Amino acid sequence: MNVPEPLRIRDFLVYRGLLSRAAQEALVGDIRGLARAAPMFAPTTPGGRKMSVQMTSGGRLGWVTDRAGYRYQDHHPGGEKWPPIPARVLDIWEAVAQTMRAPDCCLVNFYGEGAKMGMHQDRDEGCFDWPVVSVSLGDDAQFRMGNVERGGKTDSLWLTSGDVVVMGGAARLAYHGVDKIRFGSSSLLPKGGRINLTLRAVEGV
Ligand code: SIN
Ligand code: FE2
């Protein structure tokens with residue numbers, strides 16, 4: 001993969017248009033296959049609120065949330081082991097993560113019309129030495145980047161299909177979220193919506 005210099009915004013590294021249209025289409029096919037083996041589900045927060053995204057995972061561990069809390073576990077809520085992370089997704093990690101460590105989890109979030117994600121830290125991984133790599137597919141999303149402490153000044157950026165963001169170093173524990181998507185802005189998914197993949201290395205689970 002030809003990896004250009006990223007944009008750096010508050011220690012978030014943004015690789016604009018890293019993935020070609022053909023690569024994006026192949027990834028969508030891979031994720032459809034993954035979601036056949038591990039169907040998307042509507043997660044609820046520990047406080048009992050239904051999240052607006054739908055999610056599933058691939059890899060040794062998947063991220064889940066329900067009344068019992070946020071966590072990684074080795075099986076889908078339906079009981080089956082998670083399917084493997086698709087090889088093309090691992091290739092993206094290898095191209096930008098700058099570590100020999102392989103990711104344990106590929107969390108797949110689907111944003112339909114009106115879906116968003118509140119400001120949060122990714123901090124259930126047990127160790128923060130490795131980056132989180134985030135892949136955007138489909139509709140545009142307004143991605144908001146904040147600080148390691150909650151609150152304060154933030155910046156936002158519209159992510160488009162094929163963009164890859166690396167949250168490592170000082171950005172690893174920075175708050176981030178998705179304010180909104182522009183439903184139907186991309187033709188990648190025929191029925192609209194956005195897929196976000198986040199790759200994480202997880203310790204101690
Ligand atoms: C996330 O932080 O889990 C998702 C980020 C995104 O959808 O771009
Ligand atoms: Fe996140």
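Structural remarks
- Residue count for region 42-62, restricted to those that are touching a residue at least 12 places away in the same chain (Cβ under 8 Å), open to solvent by 10 Å² or more (accessible area, probe 1.4 Å) and at negative phi: 8
- Taking region 102-144 as the range and being of a type in the set (A, V, I, L, M), surrounded by 22 or more Cβ atoms within 10 Å (Cβ to Cβ) and more than 19 Å from PRO43 (Cα to Cα) as the test, the residues that pass are VAL132, VAL133, VAL135, LEU137, ALA141.
- First in region 177-205 and more than 23 Å from ALA23 (Cβ to Cβ), second anywhere and open to solvent by less than 20 Å² (accessible area, probe 1.4 Å) and assigned to a strand (DSSP E or B), Cβ under 6 Å, 6 or more apart: VAL202/TYR72; VAL202/CYS105; VAL205/TYR72
- Matching residues in region 75-101 - criterion: being over 19 Å from ALA26 (Cβ atoms), among the hydrophobic types (A, V, I, L, M, F, W, C) and open to solvent by 60 Å² or more (accessible area, probe 1.4 Å): MET100
- Looking only at residues of region 82-115 that are over 15 Å from LEU137 (Cα atoms) and among the β-branched types (Val, Ile, Thr), we find that the one that is farthest from ligand 1 (Cβ to nearest atom) is THR99.
- For region 1-23, residues that are within 27 Å of TYR175 (Cα to Cα) and touching a residue at least 40 places away in the same chain (Cβ under 8 Å) total 13.
- Selection from region 185-196 of residues that are of a type in the set (Gly, Ala, Ser) and open to solvent by less than 50 Å² (accessible area, probe 1.4 Å): SER186, GLY192, GLY193
The values are calculated or read from the model by the stated rules, or taken from the named source; none is laboratory data. Just so it is clear, the model here is predicted, and its values are computed rather than measured. So basically every Cβ, Gly included, is an ideal-geometry build from the backbone, and we count neighbours across all protein chains shown. Only protein heavy atoms, including side chains, enter the accessible area calculation; ligands, DNA and RNA are left aside. Shrake-Rupley method; radii C 1.70, N 1.55, O 1.52, S 1.80 Å.
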